[in-house]
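The values are calculated or read from the model by the stated rules, or taken from the named source; none is laboratory data. Quantities reported herein were computed from a predicted structural model and do not represent experimental measurements. Neighbour counts are summed over all protein chains in view; Cβ atoms, including those assigned to glycine, are modelled from backbone coordinates with ideal geometry. In case anyone asks, the SASA skips ligands and DNA or RNA and just uses the protein heavy atoms, side chains included. Shrake-Rupley method; radii C 1.70, N 1.55, O 1.52, S 1.80 Å.
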Amino acid sequence: MAKTLLKVANSLTKNVSSNKIITDTKKSEKNERKDRGRSLDAKRMARGAGILLAITSLPSSYGIGTLGDAAFQFIDLLVDLKQRYWQVLPIGPTSFGDSPYQSYSAFAGNPYLIDLDDLVQEKLLSVEEIRSFHWGNDEADIDYAMIYENRFKVLKMAFARFDIENEAFVRFCEENAGWLSDYALYTALKKHFGDEEWQKWDEPLRSRDPEALKEYETTLHADILFYEFCQFEFFKQWKKLKEYANNRGIQLIGDLPFYVALDSVDVWANRELFLLEEDGTPKGVAGSPPDAFSENGQKWGSPVYNWSRMEEDGFAWWQARMLEHAKLFDVIRLDHFAAIVKYYVVPNKAEDGRSGKWSRGPGKKLTDAIEKVIGDTHIIVEDIAGKSPIPGVKKLMARTGWPGIKILMFAFGDDTANEHLPHNYTDCNLVVYAGTHDNETIVGYFRDKTDYELAYLYEYLNIKYKEEIPDALIRAAYASIADVVIIQMQDLMKLGNEARMNAPSTVGRNWRWRIGTDELSEERRAWIRTLASVYHR
């Protein structure tokens, strides 16, 4: 920067002394640093506290949480508890395994979250029609097989009464055609082919032959309109919820998965943006090396990005994705941020993550592209990176000003210099969690640990008994210098691992927990309010 300024100065002002040039250059650099400092300060989130709770975990009469009354009531609860933030999990349509981090679309909303009672108010359904279906027997658990079987049947009943010439619907389809047209066609094709992944479709469809697409657009026209209707209803309900939250002083934190599923419209419609073989199978998939959480590493199965191709158009796909999420959320949590600097690629046919290799990511080129479109939306980066930090991650975070995260559950080993311990925080621009959706609950995590293992934790938190850990850990998070503290609802309720949201590298019981009809006692509410007041949250 300095050399460039000097060169320009010399060419324009040959008669000016070198001392003046150097002085002007130093002033320019100083002003630039000031401007950058002000810019980074503007990216900091307001000091406050929030709760992590997936929308699917809300109570409802129809087997899964929705964007209906329970969501509005939860916002009222946040206000009552003097909270500022509600963090949710990804809200895209889920695929096999029901993980919100493996979605059919990086842009669409999950039709499961459409509130059916709202459709009754619109006179598209009757209560009797909804209740004629079985939605599961356990109010604290989601029966995804049941939801998959019945949800679209009910939504199709509503669609049959919907006016497709409705002005708002037509406008929605036109404004979102960039992603909606492909999504609706893709979803209709999947249903038509018995839910098979797109790599097993007929070759003309796999390669998106224009004639083949045109033929199926005609054949599946009614189904395409149905899936567009589902998105229309989802985003209409979401807009009402976000407006209510913001009007009550609550900011919504969304979670954006770094990778997309192989079986997704994003890969099918943009094959050139991913490293794929001719037949659509990935050349390598995303994963993680062996670490403390998985001795064999992890193989996630998502295709990795063709970064050189993405760079050619200025990362337009990423910009479109971030722009859409910026409309939905006040804050975006960018999952697996370290992969922007360096990412781990596992051979497609490998059984686990042990044989993977590291590759260089796009770095600042991508973050610059993102910052061009997100406006005032804040970003949180998930910068946890296994056994050892990835060189360059902290440097890139410093350049962007985006806050990283700390997890108190990771803090109490045998190292008093552990970066997750509050006394080692060197900056307020942080988001601190007791634990996240991928961790055990606080109660579950410490339940089987011995007093010897917990000696340092007891001393640090100034407690004597295991039963005191959850509240002491939450208090430590609130008391920290971190701008934002987020606590899982399960931990505020002091639940065990029966309420765990996800156990990575396992299938069968993940993403199913619901809050049921359990409520926080008034005593518990008063304690949370007090924490928020005492620590200026």
Within the range 274-402: Cβ-based charge dipole about Cα centre, in debye rounded to nearest 20 (Lys, Arg +1; Asp, Glu -1): 460
Among Thr94, Trp511, His423 - extreme Cα towards positive end, dipole of the chain, charges at beta-carbon: His423
Accessible area per residue in Å² at 1.4 Å probe, computed on the chain: 47
All aspartates and glutamates inside 15 Å of Lys449 as judged from Cα atoms, apart from same-chain residues fewer than 8 positions distant: Asp414, Glu440, Glu467, Glu468
Long pairs among Lys200/Lys327; Lys214/Lys236; Lys190/Lys214, criterion Cα-Cα beyond 23 Å: Lys200/Lys327; Lys214/Lys236
Sequence-distant residues sharing a close amide H with Gln298 (under 5 Å, placed H): Ser288, Gly353
The range 451-471 residues near the modelled Val534 label - backbone nitrogen below 17 Å, point 7 Å along Cα→Cβ: 460-465, 468-471
In order through the range 77-92: 3J(HN,Hα) via Karplus (6.51 cos²θ - 1.76 cosθ + 1.60), integer Hz, x for Gly, Pro: 5, 4, 4, 4, 8, 6, 8, 10, 10, 10, 9, 10, 8, x, 10, x
Extension gain, Asp279 back to Thr450 (0.36 nm per residue minus Cα-Cα distance, nm): 56.2 nm
Reported label for calculated Rg/Rh (Cα atoms, Kirkwood Rh) given [x] 0.99; [y] 1.14; [z] 1.18: [x]
Electrostatic dipole magnitude of the range 215-344 [Cβ: Lys, Arg +1; Asp, Glu -1; Cα centre; debye, to 20]: 740
Which listed pairs, of Lys43/Lys242; Lys191/Lys349; Lys156/Lys494; Lys43/Lys349, have C-alpha distances above 30 Å, in listed order: Lys156/Lys494; Lys43/Lys349
Hz values of 3J(HN,Hα) by residue in the range 531-537 - Karplus curve (6.51, -1.76, 1.60), Gly and Pro given as x: 4, 4, 6, 4, 9, 6, 9
Rounded to 5, the percent of DSSP beta bridges in the range 274-402 classed as antiparallel: 75
For Leu52, residues with placed amide H under 5 Å, excluding near neighbours: Gln87, Ile487, Gln488, Met489
Portion, in percent, of the accessible area of the range 274-402 that falls on carbon or sulfur, probe 1.4 Å: 48
Antiparallel bridges, percent of DSSP beta bridges restricted to the chain (to nearest 5): 35
³J(HN,Hα) computed for each position of the range 66-71 - Karplus, 6.51 cos²θ - 1.76 cosθ + 1.60, integer Hz, glycine/proline x: 9, 8, x, 4, 4, 5
For Val285, distant residues with modelled amide H under 5 Å away: Val346, Asn348
Nearest-20 debye value, the chain charge dipole, Cβ charges on Lys, Arg, Asp, Glu: 2960
Largest-first ordering by accessible area, 1.4 Å probe, given options His536, His336, His437: His536, His336, His437
Rounded percent of accessible protein surface that carbon and sulfur make up, the range 106-147, 1.4 Å probe: 46
